[in-house]
Amino acid sequence: ESLSQYIINNTQTVLYGKSGIGKSSILNAGIFPVARANGLLPVGIRLDHQCETSYMEQIRTAVADSGAVVREVVPVIDKDHETIWEYLHRNLFYDQDGKEVQLLLVFDQFEEIFTLQQNEKVKIQFFAELADLLNDVTPQYIIGNVVHEEPLVAETKNTVMSNMDDIDLNLDDIADTGMPEYLRLPQYHIVFTLREDFLSYLERYTAYIPVMKINRFALQPINEEQAAEIIM
């Protein structure tokens, strides 16, 4: 109950504990049913760090395998270089009954990115993408994709400003830079499960992601009284 409420009330959660304590089990058997009852669609993701398939493609595949129906709101700029920020801000997600849902992306055994991923650039790039998403920062490549429209807007603005006495000024039109209508509040929650002895590794890559330092839940061993209560 404590963990489910923590995950539902926070956009991002790092769930950590000793190896074999049951992090995956409590998520699959305990949290996923509660998440579904609260309008979240669980998506279990265990990244493969030794194949040529990109992390983003693996995430897209996991979402499709979960049964989610994806409706595109904004076209992808470049599918081969899409980031997780772009993916979650340009799509809406529905269950099989057509009801809009929030994704619950669960990156299980996330410590494997430190033990199995040998390409340092890939690790740095993935954490940079997480930083954009969790810090709510629009990636520069998306801003740059529409920057070519700005000179035209600036020229129009100068023309309007020079004729203010004759024209009904519409500031909304002037401010329009042609930026696509990405979702302002994408509906998602993210959980990373991690062996607690790898927390120090996580610290190295999350210096600029404050939420991954704060929103953490420690899964403790159950005591004898708790075990008896569960069994009864």
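Once the Cβ-Cβ distance of Tyr6 and Asp136 is raised to the sixth power relative to R0 = 25 Å, the FRET efficiency obtained is 0.80.
For Ala29 and Asp78, the FRET efficiency from 1/(1 + (r/R0)^6), where r spans their Cβ atoms and R0 equals 41 Å, is about 0.60. Calculated [222 nm] ellipticity per residue, helices only, for the chain: -11000 deg cm²/dmol; basis is -39500 (n - 2.57) per DSSP H run with n ≥ 4, divided by all residues, nearest 500. A cut-off of 5 Å between modelled amide H atoms, ignoring neighbours fewer than 5 places along the same chain, links Leu47 with Asp108. A straight Cα-to-Cα reach below 26 Å connects Lys213 with the lysines Lys18, Lys23, Lys121, Lys123, residues fewer than 8 places away in its own chain not being considered.
Among the DSSP beta bridges whose two residues both lie in the chain, what percent are antiparallel, rounded to the nearest 5? If you can, show how the numbers build up before the last one.
Values: 5 of 25 bridges.
Of those bridges, close to 20 percent are antiparallel.
The phi torsions of the range 93-100, fed into the Karplus equation with coefficients 6.51, -1.76 and 1.60 and a -60° offset, translate into couplings of 10, 9, 7, 5, 8, x, 8, 5 Hz, rounded to whole numbers, with Gly and Pro shown as x.
Hey, got the dipole for the chain? About the Cα centre, +1 on K and R Cβ, -1 on D and E Cβ, debye to the nearest 20?
Values: 17 positive and 36 negative charges, 202 e Å.
The dipole magnitude comes to about 960 debye.
Taking amide H atoms as placed 1.01 Å from N in the peptide plane, the amide H of Leu15 lies under 5 Å from those of Phe192, Thr193, Leu194, Phe217, each 5 or more residues away in sequence or on another chain.
Label-to-label distance for Ser19 and Gln220 is 2.4 nm, based on points extended 7 Å past Cα in the beta-carbon direction. Heavy atoms of the protein chains alone define the surface here; on that basis the range 1-153 has 51 Å² accessible area per residue at 1.4 Å probe size. With the simple model of a label 7 Å out from the Cα in the direction of the Cβ, Thr53 to Asn119 spans 1.5 nm. Taking 7 Å steps out from each Cα toward its Cβ at Glu229 and Ser200 produces label points 3.5 nm apart.
How much of the accessible area of the chain, in percent, comes from carbon and sulfur atoms when a 1.4 Å probe is used? Summing carbon and sulfur atoms, their accessible area is 50 percent of the total for the chain. Between the labelled values (i) 13.0; (ii) 13.8; (iii) 16.7, the entry that holds mean projected area of the Cα convex hull in nm² as derived from this structure is (iii).
Given an 8 Å cut-off on Cα distances and at least 6 residues of separation, report the relative contact order of the chain as a percent.
Numbers: 280 pairs, mean separation 82.3, N = 232.
RCO, the chain: 35 percent.
The values are calculated or read from the model by the stated rules, or taken from the named source; none is laboratory data. Remember, it's a predicted structure, so these values are computed and weren't measured experimentally. Cβ atoms come from the backbone with ideal geometry, glycine included; neighbour counts cover every protein chain shown. Protein only, heavy atoms only, side chains kept; ligands, DNA and RNA dropped before computing areas. Shrake-Rupley method; radii C 1.70, N 1.55, O 1.52, S 1.80 Å.
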